[in-house]
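To start, the structure under review is shown below, and the notes come after it.
The values are calculated or read from the model by the stated rules, or taken from the named source; none is laboratory data. Not measured: the values here are computed from a predicted model. So basically every Cβ, Gly included, is an ideal-geometry build from the backbone, and we count neighbours across all protein chains shown.
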Amino acid sequence: MKYLSRLNKKKLNGKICLLRVDLNIKSLKDHFRIDSILPTIKYLLKNNSKVAILSHRGRPNNADSGLSLRPIAKIISKKLKSRIKFIGSFDFKKIKKEIGLEKNVKIFILENLRFLPSEERNSNNLAKKLASLGNLYVNDAFAVSHRKNASVFAIAKYIKNYAGLLLEKEMIGLTKATRNPKKPLIIVLGGTKIAAKINIIKNLASKTKFFLLGSSILNEVKNPKVKNILKNKKCLIPKDFIKNNGGYFDIGSKTIALYKKIISEANTIIWNGPVGMFENKKYSKGTTEIANAIINSKAFKVIGGGETANFILNKKMNKNIDLLSTGGGAMLDFLAGKKLPGISALD
């Protein structure tokens with residue numbers, strides 16, 4: 001993979017860079033993914049490039065003003081203290097001319113690409129049109145690199161391409177934690193739909209000492225795939241729990257103590273998914289205790305998943321983490337050993 005950070009800086013001078021990022025946020029108050037892409041934008045501007053930002057938001061049916069990237073453009077402009085031109089149409093010939101002739105603005109943001117059905121269909125035609133807008137393409141959208149979308153996958157065939165600073169950071173951190181981790185490796189898997197994480201257990205079982213499972217697995221014990229998990233001695237399920245109306249909502253004090261002891265002995269920790277329904281204060285103790293144990297550990301730490309990342313950020317615990325991943329589904333696929341189309345395209 002070719003990294004932007006290793007490209008001769010002279011080759012950026014005067015160039016138009018198409019920067020694919022992930023601005024797929026539900027709330028405009030959630031700035032985690034926005035803040036994560038700022039270093040790459042600043043790097044390109046510092047090296048005298050114009051930056052044309054490509055992204056998506058939500059799953060719209062054609063154009064949907066409620067999912068426009070216009071308000072996010074204003075947030076980025078304020079953070080960078082720089083003018084940004086928002087481009088609301090998809091007249092690509094006009095867009096190319098506008099970016100090329102503009103002398104006073106260095107950053108452009110195109111409207112939500114998922115307003116075009118051809119984006120999710122991985123259209124070569126759309127990819128060619130997007131590629132025609134710039135001189136080079138940078139993927140800085142790890143969180144959507146598990147999708148075969150035109151602006152993530154097909155576009156790389158038609159333009160010189162590189163991995164951005166955020167994507168580089170994600171790949172280095174996840175690779176370090178999984179390829180040859182400093183042992184013991186401990187993986188905490190929580191959240192709902194634990195069955196979807198079975199491939200992670202299969203892929204990393206030989207390298208992992210224990211998988212510490214959250215309370216949600218107890219809600220899925222009838223699932224045949226989950227039953228197989230319970231047979232694996234490396235998979236630890238809660239010894240005690242907080243239950244309500246037949247559902248399991250948090251791990252109990254004995255499980256917390258056991259998990260904290262195991263975490264304290266780890267040299268590499270991967271955490272994806274809260275161990276209880278932390279949104280409700282009654283069921284937040286397990287996730288809070290596990291988070292504190294991980295943060296205070298001297299191990300190499302990788303934390304990801306939307307809910308988990310938001311929990312860490314809301315609690316202001318992100319200072320002692322080696323990688324707080326922006327990826328949800330992309331992180332799960334990486335941990336499961338799957339090839340990510342957006343990464344493969346750059347290779």
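Observations, loosely collected:
- Number of the condition not met by Val221 [criteria: (1) closer than 27 Å to Ser264 by Cα; (2) among the aliphatic types (A, V, I, L, M); (3) without any contact (Cβ under 8 Å) to a residue 24 or more places away in the chain]: (1)
- Scanning segment 234-252 turns up no residue that is surrounded by 15 or more Cβ atoms within 10 Å (Cβ to Cβ) and either in contact (Cβ under 8 Å) with a residue 60 or more places away in the chain or within 23 Å of the chain's Cα centre (by Cα) (or both).
- On inspection, Ile262 fails the criterion of being modelled with pLDDT of 95 or more, surrounded by 15 or more Cβ atoms within 10 Å (Cβ to Cβ) and farther than 23 Å from Gly173 by Cα.
- Scanning segment 87-123 for residues that are part of a helix (DSSP H, G or I), closer than 14 Å to Arg57 by Cα and out of contact with any helix residue (DSSP H, G or I) (no Cβ under 7 Å at 6 or more places or on another chain) yields Phe115, Pro117.
- Residue within segment 167-190 that is under 19 Å from Glu307 (Cα atoms) and basic (Lys, Arg) present: no
- Residue in segment 160-190 that is farthest from Pro274 (Cα to Cα), counting only those that are in contact with a helix residue (DSSP H, G or I) (Cβ under 8 Å, 6 or more places away or on another chain) and assigned to a helix (DSSP H, G or I): Leu165
- Selection from segment 141-156 of residues that are out of contact with any Asp or Glu (no Cβ under 8 Å at 6 or more places or on another chain), crowded, with 24+ Cβ neighbours inside 10 Å and within 17 Å of Met171 (Cβ to Cβ): Ser145, Val152
- Contact annotation: residue pairs with Cβ atoms under 6 Å, 6 or more positions apart or on different chains, pairing a residue in segment 308-337 that is within 14 Å of Ser145 (Cα to Cα) and in contact (Cβ under 8 Å) with a residue 12 or more places away in the chain with a partner that is outside any helix (DSSP H, G or I) and of a type in the set (S, T, N, Q), are Ala330/Ser145; Met331/Ser325.
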